[in-house]
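Read through the structure below, which is laid out as structure tokens, and then see the notes.
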Amino acid sequence: MNKIILFCNLKGGVGKTTLCGLFSQYAYSMGLPIVVLDADIQQSLFRHRQRELSEHSLESAPWQLQPLNTATPEYVKSVMERLKQIPSLVIIDCPGNINDPALQYIYKAADIAVIPTRYDSDNLDATNLFANVFQKASPAHIVFIPNNIVIIEERREEVLRARECAYDMLGKYGIITPRIKQSVVVKCYSTLLPLSSYQRNAVKFSFDPIIDMIKI
């Protein structure tokens with residue numbers, strides 16, 4: 001099994017790194033072999049792992065997590081060529097931009113692109129722009145995850161209209177999963193400790209369609 005899965009978006013603050021960490025644990029808990037790379041310039045996922053290792057000195061890392069420096073496009077190209085050959089899922093937390101020259105090699109190698117978003121206009125506009133550019137640069141299947149959605153507001157008429165707009169705008173690029181609600185258990189993810197039952201229930205219906213795509 002070799003599939004390269006990206007977590008990406010142009011818009012910041014949509015939970016890209018958090019969902020990448022949660023999905024990595026979710027896939028690992030299902031017995032899937034995974035390797036995770038943090039290509040984001042902030043290295044948030046990698047630094048999260050380092051903090052956890054220092055706080056839980058008796059815990060061992062369940063899966064490999066390494067930074068990926070995208071400063072040199074030719075280096076990234078060679079890395080992606082090697083990654084396409086390993087019998088594992090390769091999960092990459094991508095930089096939050098579309099101008100990095102090295103991204104072309106990551107995008108071209110991808111099989112699935114997971115794009116977190118929200119329903120507000122700023123997020124939808126940025127996500128639509130990113131998806132339009134990404135689709136031209138990559139053969140990957142696109143999966144949108146509405147994330148950090150406030151449940152109490154979902155019944156408001158303007159939120160319902162925004163959700164309909166999201167489906168109309170983004171549905172032409174790929175599938176849209178059920179939403180992940182705003183929750184402390186989602187924000188408090190771990191790259192070391194197994195998912196709690198609350199975390200699993202919070203992400204299950206959004207992540208299972210991706211797992212199904214992986215198994216095809």
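The values are calculated or read from the model by the stated rules, or taken from the named source; none is laboratory data. Keep in mind that this is a model prediction, so the values were computed, not measured. Ideal geometry is used to build each Cβ from the backbone, glycine not excepted, and the neighbour counts take in all protein chains shown. To get the accessible areas, we keep the full protein, side chains included, count just its heavy atoms, and leave off ligands, DNA and RNA. Shrake-Rupley method; radii C 1.70, N 1.55, O 1.52, S 1.80 Å.
Looking only at the range 69-86, count every residue that is assigned to a helix (DSSP H, G or I) and either touching a Pro at 6+ places or on another chain (Cβ under 8 Å) or open to solvent by 70 Å² or more (accessible area, probe 1.4 Å) (or both) and tell me the total.
Within the range 69-86, the subset assigned to a helix (DSSP H, G or I) is 73-83.
With either touching a Pro at 6+ places or on another chain (Cβ under 8 Å) or open to solvent by 70 Å² or more (accessible area, probe 1.4 Å) (or both) added as a condition, the list becomes 73-75, 77, 81-82.
Number satisfying all stated conditions: 6.
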| Complete set of residues in the range 107-146 that are closer than 22 Å to residue 213 by Cα and either touching an Asp or Glu at 6+ places or on another chain (Cβ under 9 Å) or among the hydroxyl-bearing types (Ser, Thr, Tyr) (or both) | 107, 109, 117, 127, 138, 139, 140, 141
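Would you be able to tell me the number of residues in the range 47-59 that are open to solvent by 50 Å² or more (accessible area, probe 1.4 Å) and either touching a helix residue (DSSP H, G or I) at 6+ places or on another chain (Cβ under 9 Å) or free of Cβ contacts under 8 Å to residues at least 24 places away in the same chain (or both)?
First, pick out the residues of the range 47-59 that are open to solvent by 50 Å² or more (accessible area, probe 1.4 Å): 47, 50-51, 53-59.
Next, from what is left, pick out any that are either touching a helix residue (DSSP H, G or I) at 6+ places or on another chain (Cβ under 9 Å) or free of Cβ contacts under 8 Å to residues at least 24 places away in the same chain (or both): 47, 50-51, 54-55, 57-59.
Count: 8.
What number of residues in the range 171-184 are in contact (Cβ under 8 Å) with a residue 40 or more places away in the chain and either loosely packed, with under 12 Cβ neighbours inside 10 Å or not hydroxyl-bearing (Ser, Thr, Tyr) (or both)? Walk me through how you get there before you give the answer.
Our first condition is that a residue be in contact (Cβ under 8 Å) with a residue 40 or more places away in the chain; within the range 171-184, this holds for 173-174, 180.
Right, trim to either loosely packed, with under 12 Cβ neighbours inside 10 Å or not hydroxyl-bearing (Ser, Thr, Tyr) (or both) and you get 174, 180.
Counting residues in the range 171-184 that are in contact (Cβ under 8 Å) with a residue 40 or more places away in the chain and either loosely packed, with under 12 Cβ neighbours inside 10 Å or not hydroxyl-bearing (Ser, Thr, Tyr) (or both) gives 2.
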| From the list 195, 129, which residue is of a type outside the set (Phe, Trp, Tyr), crowded, with 18+ Cβ neighbours inside 10 Å and on the phi < 0 side of the Ramachandran plot? | 195
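Can residue 187 be described as at pLDDT 95 or above, open to solvent by 40 Å² or more (accessible area, probe 1.4 Å) and basic (Lys, Arg)?
Working: at pLDDT 95 or above: no; open to solvent by 40 Å² or more (accessible area, probe 1.4 Å): yes; basic (Lys, Arg): yes.
It is false that residue 187 is at pLDDT 95 or above, open to solvent by 40 Å² or more (accessible area, probe 1.4 Å) and basic (Lys, Arg).
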| note | (1) in a helix (DSSP H, G or I); (2) more than 13 Å from residue 22 (Cβ to Cβ) all hold for residue 178 apart from (1)
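What's the total number of residues in the range 136-170 that are part of a loop (DSSP other than H, G, I, E, B), open to solvent by 30 Å² or more (accessible area, probe 1.4 Å) and either modelled with pLDDT of 95 or more or within 21 Å of residue 23 (Cα to Cα) (or both)? Break it down stepwise before answering.
Of the range 136-170, the ones part of a loop (DSSP other than H, G, I, E, B) are 138-140, 150, 154-156.
Narrowing further to those that are open to solvent by 30 Å² or more (accessible area, probe 1.4 Å): 139, 150, 155-156.
When the remaining residues are screened for being either modelled with pLDDT of 95 or more or within 21 Å of residue 23 (Cα to Cα) (or both), the result is 139, 150.
Residues in the range 136-170 being part of a loop (DSSP other than H, G, I, E, B), open to solvent by 30 Å² or more (accessible area, probe 1.4 Å) and either modelled with pLDDT of 95 or more or within 21 Å of residue 23 (Cα to Cα) (or both): 2 in total.
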| Within the range 28-45, which residues are buried (at least 17 other Cβ atoms within 10 Å of the Cβ) and either of a type outside the set (Val, Ile, Thr) or at pLDDT below 95 (or both)? | 28, 32, 37, 38, 39, 40, 43, 45
| query | Which members of the range 104-135 meet the condition of being farther than 15 Å from residue 147 by Cβ and assigned to a loop (DSSP other than H, G, I, E, B)? | reply | 110, 111
